[in-house]
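The values are calculated or read from the model by the stated rules, or taken from the named source; none is laboratory data. From a predicted model like this one, the values you see are computed outputs, not experimental measurements. Every residue, glycine as well, gets a Cβ built from its backbone with ideal geometry; the counts of neighbours run over all protein chains shown.
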Amino acid sequence: MGLEGKMILLIENDPEHIRQIREAFAAAAAEAALEVVATPAQARAKIGQERPDLVIIDLLPQAAADGIELLQSATGTVEFPVIILARTGDEKSAVAAIKAGALDFLVRNEVNIRALPQIVEGRLREWKQLQLTREAEAELRQSKARYKRLYQQFQALLDGIPDILILFDANLKIGWINRAGMERFGIGALEDGTSPCCFEDFHGNREPCSDCPVQASFTSGKAEESLVTTPGGRIWGIKAFPLKGPDGEIQNVIELASEVTEKIKLRAEGVRASQLATLGELAAGVAHEINNPVNSIINFGQLLLDRHHDVDRDYEVAREIIDDGMRIARMVRSLLSFAQNRGEARRALRLDEIIAFCLDLSNSQLRKEGISVELDLPTDLPAVVVENQPIQQVVLNLISNARYALNEKYPPNHPGKRLSFRGRRLAGEDGARVRLEVTDFGTGIPAQVLGRVMDHYFTTKPPDRGNGLGLSMSREMVAKQGGELRIASIEGESTTVTLDLPAAEEEIV
């Protein structure tokens, strides 16, 4: 028999029954070692010394159930096969024993005693198979738990990505979408059997979008990408990557969608900045070229002036030549000064001179558009301690914004097209300061967007008229000078931008 080397533990307290069982094993030439204990408690102690291959409990039914309970491990399971050899019993007792952990339940009689060695051998084979099944199930549970953890980690990783990730099938139905995609399209987690269609459910179209990179990837079998602009003006960079099955056929496409509005704007601003730098260089060159003939015109005008009396018509012509020449020369000097960007340190500058400089550069546009300028700059106003060019740039930005607002509200040469500059001295705990208020009586700014007008790239102008950087950059430039820029507006009436700048009495750090 196949019991060689097996240790069988018999729990039996009746000597006659023990003799019968030993004889049955001897008659079957079973070479198993048969160890006998009288009680389940003794069996537990014996098991602590040597683990049996099988246990036979030959007790009354209730004692047998108690015996199984004593033999259970800390996990509540029996770690070796148990056969109940009941002296009496019925179906109910058998069910209870099996539920308690017994592998078999036999009623004690002569037939079962003689067949016990063969029954033991069969149960050992059955137990071995059962153990293999249990080990496979345990390994499967561990694998499922491991893959569940990996899935949760992978899901958390993908949900943490701010870009949109979507898995599409060939019909452009969505099999999976990350949290960024759910938030973008206003959907919850996909339930079993739920599979929205991209162009129908997300875009309200009856057919795929003409420039859809996902559909293009299914067709070409390659990665595809495109830029898509939404009705709200946001720009998305979309990339599609095909996933092939074992047969080489494309089964799915993964879409990665990233909002690139700011990136595109920054790139455009970089190009624009380069163009402006080149324009500045050209303007400086042109200004140098203009300087020489302007000086000649002024000199020749002076010669004419010296040859004629102040009552002659030619004298007046010469005077006009000199005045116009001086005006051109002054504008050229202003243009050259603004184009040089020398990166000066802070120094004391008169506010009225800064504004006069900016108006020299803007006067031709202001006159052409019929905008009148009002100046209220007291003569005793302290100088401000700033870098020259950044503050010039801020004032020019404010003049540009004011021109736009006035031209939007009024027709050309309307008397309401007014731009005012008002300066005054401030005294505070943080030292003396000079306040400049620049007010235009144009369209004003709606209250609902007033708090956003100094955000980067926010603008109320059309795309070809503004990039949303003027006010935000102006605020940053003023702050770097130790000042503060604020804005107040009444829609339809006026807008006032206030600059508080350090006065010359304040120590320069």
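Overview of values
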{"quantity": "Within the stretch 173-285, strands (runs of 3 or more DSSP E) holding 3 or more residues that are at pLDDT 85 or above and of a type in the set (A, V, I, L, M, F, W, C)", "calculated": "235-244, 250-259"}
{"quantity": "Ala102 closer than 18 Å to Glu23 by Cβ, surrounded by 13 or more Cβ atoms within 10 Å (Cβ to Cβ) and either modelled with pLDDT of 80 or more or touching a Phe, Trp or Tyr at 6+ places or on another chain (Cβ under 8 Å) (or both)", "calculated": "no"}
{"quantity": "Exclusive hit being in contact with a strand residue (DSSP E or B) (Cβ under 7 Å, 6 or more places away or on another chain), of a type in the set (A, V, I, L, M, F, W, C) and assigned to a helix (DSSP H, G or I), set Leu381, Leu361, Leu375, Leu398", "calculated": "Leu398"}
{"quantity": "Residue list for the stretch 467-498, restricted to those being among the small types (Gly, Ala, Ser) and surrounded by 15 or more Cβ atoms within 10 Å (Cβ to Cβ)", "calculated": "Gly468, Gly470, Ser472, Ser474, Gly482, Gly483, Ser489, Ser494"}
{"quantity": "Test for Glu31: is it closer than 20 Å to Arg123 by Cβ, at pLDDT below 85 and either surrounded by 12 or more Cβ atoms within 10 Å (Cβ to Cβ) or not aromatic (Phe, Trp, Tyr) (or both)", "calculated": "yes"}
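Rundown of residues vs (1) within 17 Å of Thr495 (Cβ to Cβ); (2) more than 45 Å from the chain's Cα centre (by Cα), yes/no style:
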residue	(1), (2)
Val385	no, no
Ala405	yes, no
Asn413	no, yes
Leu419	yes, no
